[in-house]
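Encoded as structure tokens, the structure appears first; notes follow it.
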Amino acid sequence: MGNQGLFALKDKNQVAVQGLNRLPQRAPVPTHHPEPVLDVVVPVFNEETDLEPSVRRLHAHLRETFPYPFRITVADNASTDRTPQIAARLADELPEAQWLRLAEKGRGRALRAAWSQSRAPVLAYVDVDLSTELAALLPLVAPLISGHSDVAIGTRLAPGSRVVRGLKREITSRCYNALLRSTLAVGFSDAQCGFKAVRRDVAERLLPLVRDSGWFFDTELLVIAERAGLRIHEVPVDWVDDPDSRVDILATALGDLRGIARIGAALARGTLLPITLRRSGGGEPPGGLVTQLACFAAVGAVSTLGHLLLYAALRPAAGSQAANALALLVCAVANTAANRRLTFGLRGRGGALRHQGRGLVVFLAGLALTGGSLAALHHVVPSAAPRTELAVLVVANLAGTLLRFLLFRAWVFRAGPRRDRTGSVA
């Protein structure tokens, strides 16, 4: 095969990969849809007491209020009590109900299995205790049916939510979501509420990327969806704690911490989202890791040179520490603006002030690193020559550059969350 044929084959393969990664434009579900439009999964493990009354209540609510065909899927993950028999009987008695049996435990595993085999355009799940008031179910899935949003979550932490629960669970939930916001810089407000929905075309792309099979499953799915630039809709809910909940808080918390650490490491390496998810008609995403590194290195080289020249010019009048701080501040502002446009492909004034504010935080980290290096040098060698100071600053700048890139990629210029909250401006 000639070179022309090889290039044509390569271009064809690239187009095919881009097609796999690109989601179609959101479109409303047809008004007359013969198959179930909504598949509500109820994951259960040893729930022989709550299963039947909860499923019958959910079934009655959907029959009375939901204007489309629906299905209820009971996903039993390795129950050892009478749950399988009850689920099988419900599937026989209720025409819209079905039962799925898994051999292993794990809420995430149950949701993955049930959602993967469903052909409904909208997939949802609710906890079996129905702690969330079912009146919020139609507002939850309506933006997905209409084509407005990609993912929808119930939130107990938004204005308008009404929550009844013990102090222990309240503190645990708020601390967990605060930890997510501070470590992973997420935009959604409540990751743990067992009341979520997703469009099937989105689930097909996200599920292969989610590694967790337990309680961290939906948090990981939300983080990936937000990083992919998908639109997350939030619905304030009324929620009453189930005092008979069998959730092991300590084991769940430890699993969540491990999941946060794993996701944080993947974000730092730039490997969380190996494929690009964008809706057709949207703008092209920023370049990949290699392209970003090349642009960042070029900007960093110019910034480092500028920093050293400014330092050398200011040092005789201002002293080493003041000259370093002033030079680094000037270069930090220019560096953030250059990386915003060249490395991460952001245009316009939208978010520029926020990016510069975060860039200044990164500047403070770089200042601490370079200033600390100078202080250490002067402590060891009080009469160090300016050339020695410059050499130390070069090494410190290299370390600061690596730190700056990781923070820029994972925090400063991360994709802004596309989320909407019922009752407030999107």
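Rounded to the nearest 20 debye, the dipole size of segment 36-75 about its Cα centre is 200 debye, using +1 on the Cβ of Lys and Arg and -1 on the Cβ of Asp and Glu.
Look at the dipole of the chain built from charges on Cβ: of 66, 368, 106, the Cα furthest out on the positive end belongs to 368.
Note on residue 171 and residue 391: the extension gain reaches 74.3 nm, defined as 0.36 nm multiplied by sequence separation minus the Cα-Cα distance. Charges on Cβ only, +1 for Lys and Arg, -1 for Asp and Glu, centred on the Cα centroid of the chain; of 257, 125, 167, which one is farthest towards the dipole's positive end? Selected residue: 257. Our coupling estimate for segment 325-334, obtained by passing each phi through the Karplus curve with A = 6.51, B = -1.76, C = 1.60 and θ = phi - 60°, is 5, 5, 5, 5, 5, 4, 5, 5, 4, 5 Hz, Gly and Pro reported as x. For the chain, the antiparallel share of DSSP beta bridges with both residues in that region comes to about 20%. In the chain, a dipole from Cβ-located charges (positive for Lys and Arg, negative for Asp and Glu) runs towards its positive end, and of 327, 87, 207 it is 327 whose Cα lies farthest in that direction. Between residue 234 and 153, 420, 421, 422, the built amide H atoms are under 5 Å apart, and every one of these is 5 or more places off in sequence or on another chain.
Close amide-amide hydrogen proximity is noted between residue 186 and 181, each under 5 Å apart and 5 or more residues distant or on a separate chain (H modeled in the peptide plane; Pro and chain starts excluded). Mind pulling the angle between the C-alpha long axis of helix 289-318 and the longest principal axis of the chain? Nearest 10 degrees, somewhere in 0 to 90. So the helix axis and the longest Cα principal axis differ by about 40 degrees. Sites listed here are trypsin sites (Lys or Arg not before Pro) in segment 63-149 whose DSSP assignment is loop and whose Cβ has at most 12 other Cβ atoms within 10 Å: 119. Across the chain, counting alpha-carbon atoms alone, Rg and Dmax equal 26.2, 88 Å.
May I ask you to derive the FRET efficiency for residue 105 and residue 376 from their Cβ-Cβ distance with R0 = 51 Å, giving the value to the nearest 0.05? Let's see the in-between values first.
On the way: r = 52 Å, r/R0 = 1.02.
E(calc), rounded to 0.05, equals 0.45.
The accessible area of residue 239, taken with all protein chains in place and a 1.4 Å probe, comes to roughly 20 Å².
Annotation note: trypsin sites (Lys or Arg not before Pro) in segment 312-347 located in DSSP loop regions with a Cβ neighbour count of at most 11 within 10 Å are 347.
Inter-label distance, residue 341 to residue 80: 6.5 nm, where each label sits 7 Å from its Cα along the C-beta direction.
Dipole of segment 323-390, Cα-centred, from +1 at each Lys and Arg C-beta and -1 at each Asp and Glu C-beta, to the nearest 20 debye?
480 debye
FRET efficiency for the residue 309 to residue 183 pair, using the beta carbon distance and R₀ = 41 Å, is estimated at 0.65.
In the assembled protein chains, residue 405 presents an accessible area of approximately 10 Å² (probe radius 1.4 Å).
Considering only protein heavy atoms, what per residue accessible area in square angstrom results for the chain with a 1.4 angstrom probe?
Details: 20560 Å² over 426 residues.
Counting only protein heavy atoms, the per-residue value for the chain is 48 Å².
Shown in residue order for segment 35-47 are the 3J(HN,Hα) couplings computed by the Karplus curve 6.51 cos²θ - 1.76 cosθ + 1.60 at θ = phi - 60°: 8, x, 7, 10, 10, 9, 8, 10, x, 9, 8, 6, 10 Hz (x for Gly and Pro). Based on Cα contacts under 8 Å between residues 6+ apart, the chain shows a relative contact order of 16 percent.
To the nearest 20 debye, what charge dipole does the chain have about its Cα centre, counting +1 at the Cβ of each Lys and Arg and -1 at the Cβ of each Asp and Glu? Don't jump to the answer; show the numbers that get you there.
Numbers: 50 positive and 36 negative charges, 398 e Å.
Dipole magnitude for the chain comes out near 1920 debye.
The GluC sites (Glu not before Pro) of segment 22-131 that meet both conditions, a loop assignment by DSSP and at most 12 other Cβ atoms within 10 Å of the site Cβ, are 104.
Across segment 26-34, coupling constants 3J(HN,Hα) worked out from phi with the 6.51/-1.76/1.60 Karplus curve, θ = phi - 60°, read 5, 9, x, 5, x, 4, 9, 10, x Hz, and Gly and Pro carry x.
Carbon-plus-sulfur fraction of the accessible area of segment 189-247, 1.4 Å probe, in percent? Intermediate values should be presented prior to the final figure.
Numbers: 830 of 1780 Å².
Answer for segment 189-247 is 47 percent, counting heavy atoms of protein chains only.
The values are calculated or read from the model by the stated rules, or taken from the named source; none is laboratory data. In this text the structure is predicted, and so the values were computed from the model without any measurement. Note: ideal-geometry Cβ built from the backbone for every residue, glycine included; neighbour counts use all protein chains shown. Accessible surface is based on the protein model in full, side chains and every heavy atom, while ligands, DNA and RNA are left aside. Shrake-Rupley method; radii C 1.70, N 1.55, O 1.52, S 1.80 Å.
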